[in-house]
Amino acid sequence: MASVVFLRAANVGGTNVFRPAELAKALKHLDVVNVGAAGTFVVRSPASAAAIRQEFLAEMPFEPVMAVRPGRDVIALVESRPFKGVALSKDLRGWVAVTTERPKHEPALPIAMPPGANWYLRFDEIRGSCALGLVRRHPDRPINVGKSLEAALGVPVTVRWWETMEKIAGVLQS
């Protein structure tokens, strides 16, 4: 079965910079497909998570924090349509945070930041190794979804927009 690799804090703010297309090319023996610039890859070879991790680390110019998940988990998540009935837009986006290890905390959900009707970040549920929620565009400040979730869960996470998860599922199903 195929796997999905999610790198944390790669190509963000000028740190942990690398070229995803070149990495995919270097790992062509694993049939790697690059999905975007943030460090998301589909590995179509039936390698183990440990072998995939080792291969990626050998090719990276830095040691990334990463999560390697079975492709079937991403397909199941997308097919479950967790944002059904929500009109996602550039101002209201769905996010998925992949945990890099088992959460140390199990927060009472949902969490809205700030609390109340004027929230800009909502953490709604945990499904397996993924946390899900919504973010509203804030006119005065950028919102760091990852930092807020890491504080709530007590472990590193790597966040992707919902449309990225749909693209990953498309690659896995093609």
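Are any of the residues in region 84-91 touching a residue at least 12 places away in the same chain (Cβ under 8 Å), closer than 17 Å to residue 130 by Cα and either surrounded by 13 or more Cβ atoms within 10 Å (Cβ to Cβ) or in contact with a helix residue (DSSP H, G or I) (Cβ under 9 Å, 6 or more places away or on another chain) (or both)? For region 84-91, residues touching a residue at least 12 places away in the same chain (Cβ under 8 Å), closer than 17 Å to residue 130 by Cα and either surrounded by 13 or more Cβ atoms within 10 Å (Cβ to Cβ) or in contact with a helix residue (DSSP H, G or I) (Cβ under 9 Å, 6 or more places away or on another chain) (or both): absent.
Being modelled with pLDDT under 80 and either among the aliphatic types (A, V, I, L, M) or out of contact with any Lys or Arg (no Cβ under 8 Å at 6 or more places or on another chain) (or both) is the requirement here; does residue 21 meet it? Criteria not met by residue 21. From the list 8, 69, which residue is in contact with a Pro (Cβ under 7 Å, 6 or more places away or on another chain), closer than 22 Å to residue 172 by Cβ and either crowded, with 19+ Cβ neighbours inside 10 Å or not assigned by TED's automatic domain parsing to the domain that holds residue 155 (or both)? Step by step, each of 8, 69 is checked, and only 8 is in contact with a Pro (Cβ under 7 Å, 6 or more places away or on another chain), closer than 22 Å to residue 172 by Cβ and either crowded, with 19+ Cβ neighbours inside 10 Å or not assigned by TED's automatic domain parsing to the domain that holds residue 155 (or both). Output the qualifying pairs, or none if there are none: Cβ atoms under 7 angstrom, residues six or more apart or on different chains, first residue in region 105-128 and assigned by TED's automatic domain parsing to the domain that holds residue 154 and among the charged types (D, E, K, R), second residue outside any strand (DSSP E or B) and modelled with pLDDT of 90 or more. Matching pairs, first to second residue: 122/110; 124/109; 124/110; 125/109; 127/77.
The values are calculated or read from the model by the stated rules, or taken from the named source; none is laboratory data. Bear in mind the structure is a predicted one, so any value in this text is a computation, not a measurement. Methodologically, a virtual Cβ is constructed for each residue, glycine included, from the backbone with ideal geometry; neighbour enumeration extends over all protein chains shown.
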